[in-house]
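The values are calculated or read from the model by the stated rules, or taken from the named source; none is laboratory data. Everything numeric here is computed off the predicted structure, so don't read it as measured data. A quick note on method: Cβ atoms are made from the backbone with ideal geometry, for glycine too, and the neighbour counts reach across all protein chains shown.
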Amino acid sequence: MREHGRVCLAFTPGEPRTRMVAGRTVRKIIHVDMDAFYASVEQRDDPRLWGRPVIVAWRGKRSVVCAASYEARFFGVRSAMPAARAERLCPNAIFLAPDFARYQAVSRSAREIFKRHTDRVEPLSLDEAYLDVTENKTGLPTATLVAKTIREQIRHELNLTASAGVAPNKLLAKLASDWRKPDGLFVIRPEDIDEFLLPLPVIRLPGVGKVTGEKLAKLGIETVRNLRGLDRSALEHQFGRHGARLHALARGIDDNPVISDRPTQSISVEDTFEQDVLLGDIEPMIRRLTEKLWSALRQESRVARTVVLKLKTKEFKILTRSHTPDTPPGSCQELTRIALGLRERVTLGQHQRYRLVGVGLSNFREAEQASAQPVLFE
């Protein structure tokens, strides 16, 4: 039914049912988010780290925090924060270099648990995923019970904790999973959407970053309730095409389906140097990154055709060089050779210094397609 021009969803309390409302499919979506994932894996695997502030990051002025345990977060440490600042905030923290191969293995185990319940799993990263359990494989009567079961299985089998959100769509499920972190479960029932959504600061909405948030604040828009007061044409006038998205977000509307087995478009690894370096001194870093990249590639069933070298100068200028060989790289040594060769196409001068280097792979194809592809332009 409709009330004051808005779609109101009617469901059995506590559990959305599969149905069409105003031409819109209503689903049962779970968003699972592993708590402080990298740091939690480190604490799990080394009991001496339990209860201690752990920061997953390389030490150095240019390094950034990959993950922080909740003990470290108590001091204000957050992911993506400069490691040097994290060390100032929490001088007693234990710094550990990332071990992405180990995190990937744990992530695969978590996804195996998800797959017991539904084949419709959309990973967002190593530590979070959407699950569509509108129909589940285990016959559990509610999405809430599926989420509880998944969290229990993660706890008992992986000795880790995960937070989960249950809602009628992806937007609300992601907001819900963050509501009772860590180790929490929050359910947004359809009849409670407005009660949950309207008081939220508008900056909590996905896609509302600092710039958009500041622009909204200048318009007097600080909460979702305020945002809902603007009609679509006014939002589109102020924000262009993004205005339509803001209009939908303010109403808790998200028709995007869970897409399982989303094909990889690219993978990359990069490192920021403690001190700016010359191009001729970057070789050891490239070799280390290509080893890490090759390890990540081995988890993919598809083949990458293009190798990319990324550099950031000390003046923060970003440049990339890429090469698509006749045949995809068949070994780590070949990948390294191509990445090192791309340095020869950087022409900023021998005295130019760089603060970051990255190596990536893109242009993914199925194996049989990759072998049949002609040479692409470089």
Meets criteria (crowded, with 16+ Cβ neighbours inside 10 Å, in a strand (DSSP E or B), hydroxyl-bearing (Ser, Thr, Tyr) and outside the structural domain of residue 221 (by TED's automatic domain parsing)) for residue 260: no
Within the stretch 321-360, tally of residues that are in a strand (DSSP E or B), in contact with a helix residue (DSSP H, G or I) (Cβ under 9 Å, 6 or more places away or on another chain) and within 30 Å of residue 300 (Cα to Cα): 7
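Just need a number here: residues in the stretch 284-318 that are in a helix (DSSP H, G or I) and surrounded by 14 or more Cβ atoms within 10 Å (Cβ to Cβ).
We begin by selecting, within the stretch 284-318, every residue in a helix (DSSP H, G or I); these are 284-297.
Keeping just the survivors that are surrounded by 14 or more Cβ atoms within 10 Å (Cβ to Cβ) gives 285-297.
Qualifying residue count, the stretch 284-318: 13.
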Residues satisfying the stated conditions in the stretch 171-196, i.e. closer than 17 Å to residue 122 by Cβ and among the small types (Gly, Ala, Ser): 173, 176, 177
Condition check for residue 144: touching a residue at least 24 places away in the same chain (Cβ under 8 Å), at negative phi and in a helix (DSSP H, G or I): yes
The stretch 178-232: number of residues that are touching a residue at least 24 places away in the same chain (Cβ under 8 Å) and assigned to a loop (DSSP other than H, G, I, E, B): 12
The stretch 66-95, residues that are surrounded by fewer than 21 Cβ atoms within 10 Å (Cβ to Cβ) and either assigned by TED's automatic domain parsing to the domain that holds residue 183 or among the small types (Gly, Ala, Ser) (or both): 76, 79, 80, 84
Residue ranges of strands (runs of 3 or more DSSP E) in the stretch 20-132 with at least 3 members at pLDDT below 95: 24-26, 121-125
Pair list, Cβ < 8 Å and 6+ apart or interchain, from the stretch 42-55 residues that are assigned by TED's automatic domain parsing to the domain that holds residue 68 to residues that are surrounded by 15 or more Cβ atoms within 10 Å (Cβ to Cβ) and aromatic (Phe, Trp, Tyr): 53/75; 55/95
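Tell me whether the stretch 202-209 contains one or more residues that are modelled with pLDDT of 95 or more, farther than 30 Å from residue 46 by Cα and in contact with a strand residue (DSSP E or B) (Cβ under 7 Å, 6 or more places away or on another chain). Talk me through it step by step, then tell me what you get.
Taking the stretch 202-209 as the starting set, the residues that turn out to be modelled with pLDDT of 95 or more are none.
The answer is no; no qualifying residue exists.
Which members of the stretch 233-250 meet the condition of being assigned to a loop (DSSP other than H, G, I, E, B) and surrounded by 17 or more Cβ atoms within 10 Å (Cβ to Cβ)? Walk me through how you get there before you give the answer.
The first filter runs over the stretch 233-250 and keeps only residues assigned to a loop (DSSP other than H, G, I, E, B), leaving 240-241, 250.
Within the stretch 233-250, 250 is the sole residue that qualifies.
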Some residue of the stretch 112-127 being small (Gly, Ala, Ser) and surrounded by 22 or more Cβ atoms within 10 Å (Cβ to Cβ): no
First in the stretch 271-291 and among the polar types (S, T, N, Q), second anywhere and part of a helix (DSSP H, G or I), Cβ under 8 Å, 6 or more apart: 290/332; 290/335; 290/336; 290/339
Where a residue in the stretch 159-170 is within 18 Å of residue 193 (Cβ to Cβ) and its partner, wherever it lies, is among the aromatic types (Phe, Trp, Tyr) and assigned to a loop (DSSP other than H, G, I, E, B), with Cβ under 9 Å and at least six apart: 165/179; 168/11
